[in-house]
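Enquirer: Quick one: this structure, given as structure tokens, is what I'll be asking you about.
The values are calculated or read from the model by the stated rules, or taken from the named source; none is laboratory data. In this text, all values refer to a predicted model and were calculated from it rather than measured experimentally. We place every Cβ from the backbone using ideal geometry, glycine too, and count neighbours over all the protein chains shown.
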There are 2 protein chains.
Amino acid sequence: MRLSQYFLPTLKENPTEAQIVSHRLMLRAGLVRQTSAGIYAWLPMGYRVLRKIEQIVREGQDEAGAQEVLMPTIQPAELWQQSGRYEVYGKEMLRIKDRHEREMLYGPTNEEMITDIFRTSVKTYRDVPKNLYHIQWKFRDEVRPRFGVMRGREFLMKDAYSFDLTKEGARISYQKMFLSYLRIFARMGLQAIPMQADTGPIGGDMSHEFIILAETGESGVFCHPDWIKTDPLKEPVGYNDDLNPFFEKYTSLYAATDEKHKPGAAGIPDSELLQARGIEVGHIFYFGTKYSQPLGAKVTGPNGDLITLEMGSYGIGVSRLVGAIIEACHDEAGIIWPEAVAPYKVGLLNLKANDAAATKICDEIYTMLQQAGVEVLYDDRDERAGTKFADCDLVGLPWQIIGGRGLDKGMVELKNRKSGERTEISIEDALNKVIGK
Amino acid sequence: MRLSQYFLPTLKENPTEAQIVSHRLMLRAGLVRQTSAGIYAWLPMGYRVLRKIEQIVREGQDEAGAQEVLMPTIQPAELWQQSGRYEVYGKEMLRIKDRHEREMLYGPTNEEMITDIFRTSVKTYRDVPKNLYHIQWKFRDEVRPRFGVMRGREFLMKDAYSFDLTKEGARISYQKMFLSYLRIFARMGLQAIPMQADTGPIGGDMSHEFIILAETGESGVFCHPDWIKTDPLKEPVGYNDDLNPFFEKYTSLYAATDEKHKPGAAGIPDSELLQARGIEVGHIFYFGTKYSQPLGAKVTGPNGDLITLEMGSYGIGVSRLVGAIIEACHDEAGIIWPEAVAPYKVGLLNLKANDAAATKICDEIYTMLQQAGVEVLYDDRDERAGTKFADCDLVGLPWQIIGGRGLDKGMVELKNRKSGERTEISIEDALNKVIGK
């Protein structure tokens with residue numbers, strides 16, 4: 001994409017309404033625009049990031065055997081009256097009356113609806129287990145929306161729902177999602193740590209929050225130092241294997257938010273614990289028959305008896321992740337995208353846009369990168385070098401190819417945004433380096 | 001995907017609430033489930049089709065130079081008060097009050113919002129032309145929603161908006177979308193015919209509906225027989241070329257809905273006109289300064305003067321297309337998906353699921369198809385052959401590989417869903433045929 005033609009309205013100044021760094025940087029880098037309190041439009045570069053995150057989540061859920069559906073945003077109130085949550089939910093639920101005065105609502109989550117779809121579609125034990133997920137916009141009418149997309153009112157969530165015949169089956173479904181989540185976050189370049197969360201009246205060990213570490217995170221966390229050594233992508237385990245050893249390993253290492261932290265409970269001296277800050281990006285939950293019971297989601301078992309299904313739900317804050325990743329990955333100059341979610345892999349800066357010979361060479365580099373399938377943002381604008389450097393650092397592409405004085409000798413500078421390292425190398429070497437990666 | 005594990009709740013009987021064939025077949029084939037009047041959940045197979053259509057639309061818009069954004073579903077009422085449409089829109093607009101009693105609405109379209117985003121982001125003539133599009137769910141509170149996804153309340157639309165400095169520029173933007181639309185529909189395997197539509201007070205020739213032909217279509221159409229010979233994918237024209245000759249060619253061939261048809265106006269005898277039925281799937285529109293004027297979307301021109309932007313909008317009914325394609329492509333037995341939008345390219349039927357040797361061969365065919373990157377739905381269920389044939393015809397995959405008595409001699413039947421042609425061939429030939437296509 002040529003920057004001269006791109007819709008990328010960056011801001012020079014820090015917007016005063018933004019209290020946290022990700023919100024500031026998303027507005028400054030032209031990723032989003034607020035359209036109402038807590039509601040955002042995603043501009044081209046921001047939407048590219050959102051879609052990359054969404055796709056990593058999708059692939060991670062698919063390979064764990066979950067199947068993608070799409071439920072609508074607008075739901076009938078009756079379903080929530082059946083589950084008993086219609087009143088409980090309070091003012092965070094956006095309630096709507098349609099033209100026939102029917103009570104509707106903008107879904108904040110989908111337990112009721114998926115249970116309803118399932119109960120009318122599935123009849124026998126042979127149809128389970130199943131795990132259905134969707135990636136859909138939700139609405140929670142926060143009283144004071146803030147922190148940009150980290151706590152917006154309209155937000156994109158991936159929510160999966162598992163249906164099993166037995167508690168043991170539900171445990172396997174839960175463990176699959178546990179593994180899937182760790183791999184999904186790792187693929188985004190994030191270290192996510194599962195922390196045991198409240199299970200409510202059900203009890204047990206089947207509720208976890210997934211928290212990524214970020215200096216600017218919303219809550220304090222205490223972790224065993226061995227977490228640093230874990231790598232879920234290198235665990236030799238498949239979704240059809242016995243997941244108990246894996247689950248055991250990743251739940252026995254101590255990790256707790258400051259709310260949950262119990263001094264002395266870590267198994268090692270508290271002084272050896274890693275103290276950090278973190279951001280919640282996912283939450284998984286086993287809740288048994290909480291919805292299947294009132295909504296009547298049952299199947300006939302092998303002996304003809306009716307069995308109420310065991311369920312769990314599994315959420316990832318997809319739009320929240322865009323902000324969370326920036327909280328974890330930025331510096332004074334701007335965003336530092338992990339490569340897997342970067343809107344473009346390479347920024348190509350033509351510092352001599354007024355020079356026909358230099359521009360011809362930059363145009364050729366641009367064409368070669370495109371032909372090699374490398375996503376590249378080409379700063380072909382007639383702007384000062386300082387502006388180009390600042391904008392490219394701000395938007396945080398992993399690599400910068402800087403074409404300046406050396407161009408006529410076939411040389412460019414290659415800069416790594418994360419390390420800051422700059423090397424003067426030949427065009428050919430620069431291309432090989434970013435294409436090969 | 002193995003059908004034994006797939007969430008595909010097909011129906012044996014025709015649902016009584018469905019009045020048109022696409023609605024009936026979508027419910028019967030397990031593509032969607034109604035969750036409220038005119039509101040649908042997309043089940044795994046239906047959602048695959050929806051996403052394929054969406055992706056063809058996206059790629060077609062991208063190559064025409066449009067840039068993708070995503071605007072939220074919930075909009076503030078003020079924007080619509082500024083444009084004057086808040087009252088005009090009537091009861092089809094879903095109006096909402098949030099917890100602070102602010103007037104909001106579920107967007108039925110986005111002219112106001114995109115104009116607002118544009119006016120606050122863009123300052124000078126150098127920032128135009130631009131064309132921004134999004135693919136987002138909309139809501140229109142139809143008084144009597146019917147015909148399934150063809151006229152739902154919550155529906156997925158692609159809407160693009162162009163911004164130009166001059167009328168001449170707006171004409172070029174319009175022609176680019178005109179070409180893009182013809183190519184998008186052709187890639188879906190559809191013949192779409194642009195028909196001049198009302199331009200309202202602006203006048204001129206810059207409003208077209210795109211109508212695909214279907215025997216069960218909602219409106220009658222009259223077309224020049226030469227339309228059959230046109231192929232927008234074979235027109236040697238690019239988006240940066242002069243599009244006037246192409247536009248001239250495709251707008252001079254007569255085509256009109258029965259509402260618009262004027263006897264004797266076709267340039268050939270009316271008796272030679274093709275009389276058919278059709279379904280509207282897209283609409284493009286130039287509307288000048290209708291929104292930029294009241295919302296103040298202006299840029300400074302080369303001479304420092306303020307110029308009000310010239311705009312157009314361009315819509316495709318993405319979820320409607322799923323129904324429209326079925327209306328155009330079905331027979332007594334079920335859906336006949338064009339290959340480009342088929343949820344899976346091949347159905348693999350194991351007619352001897354109880355026979356270990358036969359099953360081993362079918363499993364191998366399944367693995368080979370997957371390894372070759374062919375999307376395959378594998379009917380591995382323990383069901384009668386008749387059920388498998390009926391289900392596979394119903395869901396309408398382009399190819400069927402039927403493994404039955406011939407399996408032990410290395411033979412299968414290959415069936416083309418559209419032509420109905422069945423040939424007994426070797427497994428190797430069958431694989432080559434469906435992989436090579």
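Enquirer: If I ask for residues that are in contact with a His (Cβ under 9 Å, 6 or more places away or on another chain) and under 23 Å from B:Pro44 (Cα atoms), which ones from region A:175-206 would you list? Can you show your working first?
Expert: Here is the first cut: in region A:175-206, the ones in contact with a His (Cβ under 9 Å, 6 or more places away or on another chain) are A:178, A:181, A:194-197.
Hits for region A:175-206 are A:Phe178, A:Tyr181.
Enquirer: Let me ask another. Please go through region A:76-94 and give me each residue that is among the charged types (D, E, K, R), within 28 Å of the chain's Cα centre (by Cα) and within 13 Å of another protein chain (Cβ to nearest Cβ), ordered by number. Please lay out each step first, then the result.
Expert: Taking region A:76-94 as the starting set, the residues that turn out to be among the charged types (D, E, K, R) are A:78, A:85, A:87, A:91-92.
Keeping just the survivors that are within 28 Å of the chain's Cα centre (by Cα) gives A:85, A:91-92.
A:Lys91, A:Glu92 - these are the residues of region A:76-94 that are among the charged types (D, E, K, R), within 28 Å of the chain's Cα centre (by Cα) and within 13 Å of another protein chain (Cβ to nearest Cβ).
Enquirer: Given the conditions (1) surrounded by 14 or more Cβ atoms within 10 Å (Cβ to Cβ); (2) over 30 Å from B:Lys130 (Cα atoms), and given that B:Ser292 satisfies all but one, which numbered condition is not satisfied?
Expert: Tallying (1) surrounded by 14 or more Cβ atoms within 10 Å (Cβ to Cβ); (2) over 30 Å from B:Lys130 (Cα atoms), B:Ser292 fails exactly one: (2).
Enquirer: Which one of B:Tyr40, B:Tyr47, B:Tyr89 is of a type in the set (Ser, Thr, Tyr) and modelled with pLDDT under 95?
Expert: Checking each option against the conditions leaves just B:Tyr89.
Enquirer: Do you know which residues across region A:254-280 are assigned to a loop (DSSP other than H, G, I, E, B) and either hydrophobic (A, V, I, L, M, F, W, C) or under 21 Å from the mean Cα position of the chain (by Cα) (or both)?
Expert: To start, the set of residues in region A:254-280 that are assigned to a loop (DSSP other than H, G, I, E, B) comprises A:254, A:258-269, A:273.
Once the filter is applied, which keeps residues that are assigned to a loop (DSSP other than H, G, I, E, B) and either hydrophobic (A, V, I, L, M, F, W, C) or under 21 Å from the mean Cα position of the chain (by Cα) (or both), region A:254-280 yields A:Ala265, A:Ala266, A:Ile268, A:Leu273.
Enquirer: Looking only at residues in region A:119-143 that are within 8 Å of chain B (Cβ to nearest Cβ) and under 18 Å from B:Ile96 (Cβ atoms), which one is farthest from the chain's Cα centre (by Cα)?
Expert: Only one residue fits best here, namely A:Val143.
Enquirer: Out of everything in region B:95-118 that is over 30 Å from the mean Cα position of the chain (by Cα) and surrounded by fewer than 19 Cβ atoms within 10 Å (Cβ to Cβ), what residue ends up being farthest from B:Gln293 (Cα to Cα)?
Expert: Let us first name the residues in region B:95-118 that are over 30 Å from the mean Cα position of the chain (by Cα), namely B:97-103.
In the following step, the residues that additionally are surrounded by fewer than 19 Cβ atoms within 10 Å (Cβ to Cβ) were identified as B:97, B:99-103.
On the way: B:Lys97: 28, B:Arg99: 32, B:His100: 30, B:Glu101: 29, B:Arg102: 25, B:Glu103: 23 Å.
Among those residues, the one meeting the criterion is B:Arg99.
Enquirer: So, one more: Restricting region A:38-63 to residues that are at the interface with chain B (Cβ under 8 Å from one of its Cβ atoms) and touching a Gly at 6+ places or on another chain (Cβ under 9 Å), which is surrounded by the fewest Cβ atoms within 10 Å (Cβ to Cβ)?
Expert: A:Pro44
Enquirer: Can we say B:Glu218 is closer than 27 Å to B:Ile172 by Cβ and either hydrophobic (A, V, I, L, M, F, W, C) or surrounded by 14 or more Cβ atoms within 10 Å (Cβ to Cβ) (or both)?
Expert: Details: closer than 27 Å to B:Ile172 by Cβ: no; either hydrophobic (A, V, I, L, M, F, W, C) or surrounded by 14 or more Cβ atoms within 10 Å (Cβ to Cβ) (or both): yes.
So B:Glu218 does not fit the description; no.
Enquirer: Taking region A:144-161 only, how many residues are surrounded by 23 or more Cβ atoms within 10 Å (Cβ to Cβ), within 11 Å of chain B (Cβ to nearest Cβ) and basic (Lys, Arg)?
Expert: 1
Enquirer: Got a sec? Which of B:Gly334, B:Gly317, B:Gly347 is farther than 26 Å from B:Ile435 by Cα, of a type outside the set (A, V, I, L, M) and either assigned by TED's automatic domain parsing to the domain that holds B:Ala186 or touching a residue at least 24 places away in the same chain (Cβ under 8 Å) (or both)?
Expert: It is B:Gly317.
Enquirer: Okay, moving on. Report yes if A:Cys392 is over 29 Å from A:Gly323 (Cβ atoms), of a type outside the set (Lys, Arg) and surrounded by 20 or more Cβ atoms within 10 Å (Cβ to Cβ), otherwise no. Break it down stepwise before answering.
Expert: On the way: over 29 Å from A:Gly323 (Cβ atoms): no; of a type outside the set (Lys, Arg): yes; surrounded by 20 or more Cβ atoms within 10 Å (Cβ to Cβ): yes.
No; evaluated as a whole, the condition is false for this residue.
Enquirer: Which ones in region B:407-417 are within 18 Å of B:Lys388 (Cα to Cα) and either loosely packed, with under 12 Cβ neighbours inside 10 Å or in contact with a helix residue (DSSP H, G or I) (Cβ under 9 Å, 6 or more places away or on another chain) (or both)?
Expert: Let us first name the residues in region B:407-417 that are within 18 Å of B:Lys388 (Cα to Cα), namely B:407, B:412-417.
Passing the criteria: B:Leu407, B:Val412, B:Glu413, B:Leu414, B:Lys415, B:Arg417.
Residues are listed down the side, and each one gets a yes or a no for (1) of a type in the set (A, V, I, L, M, F, W, C); (2) under 30 Å from A:Glu13 (Cα atoms):
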{"position": "A:Val395", "(1), (2)": "yes, yes"}
{"position": "A:Ile402", "(1), (2)": "yes, yes"}
{"position": "A:Ser426", "(1), (2)": "no, no"}
{"position": "A:Val434", "(1), (2)": "yes, no"}
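Enquirer: What's the number of the only condition in (1) closer than 30 Å to A:Gly220 by Cβ; (2) surrounded by fewer than 22 Cβ atoms within 10 Å (Cβ to Cβ); (3) of a type outside the set (Val, Ile, Thr) that A:Gly301 fails to meet?
Expert: Status for A:Gly301: all satisfied but (1).
Enquirer: To continue, here is another question. Please go through region B:1-20 and give me each residue that is away from chain A (no Cβ under 12 Å) and among the charged types (D, E, K, R), ordered by number.
Expert: Hits for region B:1-20 are B:Lys12, B:Glu13, B:Glu17.
Enquirer: Another one. Determine which single condition A:Tyr344 fails, assuming it passes every other condition in (1) within 30 Å of A:Pro129 (Cα to Cα); (2) touching a helix residue (DSSP H, G or I) at 6+ places or on another chain (Cβ under 8 Å); (3) assigned to a loop (DSSP other than H, G, I, E, B).
Expert: Checking A:Tyr344 against (1) within 30 Å of A:Pro129 (Cα to Cα); (2) touching a helix residue (DSSP H, G or I) at 6+ places or on another chain (Cβ under 8 Å); (3) assigned to a loop (DSSP other than H, G, I, E, B), the one that fails is (1).
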